[in-house]
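Each remark here refers to the structure printed beneath this line.
Read-outs throughout are calculated quantities, based only on the coordinates presented, and are distinct from any laboratory measurement. This one's a predicted model, so the numbers in the text were calculated from it and none came from an experiment. Backbone-built Cβ (ideal geometry, glycine too); neighbour counts: all protein chains shown.
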Amino acid sequence: MKPKLIFILILFLLSSSVSAQNTFRVMFYNVENLFDILDEPDKQDEEFTPDGIRHWSNKRYYNKLNNLSKVITSVGGWNTPALIGMCEVENDKVMRDLTLHSPIRNLQYQYVVTQSPDARGIDVALLYQRDQFKLLYQNDIRIHFPKNKHKKTRDVLHVTGKVITGDTLDVFVCHFPSRRGGQAESEPDRMHVASIIRTKVDSLQTIRTKAHILIMGDFNDEPSDKSISKVLVNNDLHNLFLPLEQKSPIGSYKFGDQWNFLDQIIVSKNLLQKNHPFHVLTETATIFQADFLLVNDRTHGGKRPKKTFNGRKYEGGYSDHLPVFVDFKTFD
């Protein structure tokens with residue numbers, strides 16, 4: 001290779017490295033039933049045990065952890081994601097195993113996880129890099145349904161921390177109630193959870209001038225559905241994935257032959273200000289659709305996510321959802 005070309009390549013690599021170092025990547029991933037192999041007597045997790053219908057073994061469990069590690073490092077690219085929101089994690093044990101006993105153990109992630117009353121025992125969690133996010137506060141927001149006191153769902157995780165620029169960031173990680181029973185019948189439950197988060201955001205904006213808000217999750221609704229567009233998002237919040245719903249040929253989740261945009265990241269509009277040291281790069285909002293995450297959809301055509309289980313059949317894949325991410329600029 002000619003000296004001039006080598007010099008140009010070195011400059012390119014150096015500039016790419018500096019750009020990555022000035023980037024704060026936020027990722028969200030519904031990891032699809034990250035259960036350990038133990039039976040918790042008060043939870044409906046029997047199918048994910050060695051004697052359960054899915055024959056959930058240590059081998060399958062650690063294959064799942066290895067697969068998730070591969071996704072995280074692949075999404076990270078030059079730098080590992082600073083924040084990773086997750087849902088469908090069973091408990092503290094699976095998060096500890098992921099961070100300490102999987103290939104991402106050298107990345108030194110810390111985590112917080114809820115302890116929800118969900119009947120199956122699944123929770124939401126946040127992984128964070130301590131050198132990029134200093135944890136200040138954690139609150140598990142318990143969801144109560146006034147019209148059905150026996151109904152249970154996942155807590156919403158609210159975390160406050162300082163980013164590398166010194167700015168305070170309030171992060172909400174969500175897993176809204178499912179569409180079981182039909183979209184229309186179940187929609188009021190999601191609207192109720194959205195209203196609770198909206199109230200929390202309003203309170204933060206009253207207490208803290210120019211509060212920086214980041215909301216991510218599996219909303220079980222699309223950006224244009226009522227729970228998001230009418231209840232949660234208003235003039236002071238911006239849904240980074242609304243434009244993708246309108247133009248992208250695929251979403252983050254496939255039901256039948258239809259792609260849906262259930263996994264989204266929403267920010268307060270003050271994070272759109274490009275003159276601020278910490279601001280979102282809106283054009284980087286991405287559904288991560290690496291080839292290894294997809295397989296041919298023999299039933300409906302096209303591609304679909306490679307799942308852990310396809311029905312009852314063990315597929316040994318990653319998740320029935322695709323991860324989403326967005327980048328923030330930390331310095332000019």
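Scan region 204-220 and tell me whether some residue there is in a loop (DSSP other than H, G, I, E, B) and under 18 Å from Cys87 (Cβ atoms). Among the residues of region 204-220, at least one is in a loop (DSSP other than H, G, I, E, B) and under 18 Å from Cys87 (Cβ atoms), which makes the answer yes. Within the option set Asp118, Asp170, Asp189, being acidic (Asp, Glu), closer than 30 Å to Asn63 by Cβ and in contact (Cβ under 8 Å) with a residue 12 or more places away in the chain holds for one residue only, Asp118. Applying the criterion of being of a type in the set (D, E, K, R) and part of a loop (DSSP other than H, G, I, E, B) to the residues of region 249-291, the residue that is farthest from Lys307 (Cα to Cα) is Lys274. Within region 121-133, can you find the residues that are surrounded by fewer than 17 Cβ atoms within 10 Å (Cβ to Cβ) and in contact with a Phe, Trp or Tyr (Cβ under 9 Å, 6 or more places away or on another chain)? Hit for region 121-133 is Arg130, nothing else. Exactly one of these conditions fails for Trp56: (1) within 19 Å of Arg312 (Cα to Cα); (2) touching a residue at least 40 places away in the same chain (Cβ under 8 Å); (3) out of contact with any strand residue (DSSP E or B) (no Cβ under 6 Å at 6 or more places or on another chain). Give me its number. The number of the failed condition is (2). Output the residues belonging to region 296-312 that are in a strand (DSSP E or B) and farther than 18 Å from Asn30 by Cα. Those that are in a strand (DSSP E or B) and farther than 18 Å from Asn30 by Cα: Asn296, Lys303. In the set Ile228, Ile265, only one residue is out of contact with any helix residue (DSSP H, G or I) (no Cβ under 8 Å at 6 or more places or on another chain) and surrounded by 19 or more Cβ atoms within 10 Å (Cβ to Cβ); that residue is Ile265.
Taking the criterion of being among the β-branched types (Val, Ile, Thr) and without any contact (Cβ under 8 Å) to a residue 40 or more places away in the chain, the residues of region 202-247 that qualify are Thr206, Ile207, Thr209, Ile228, Val233.
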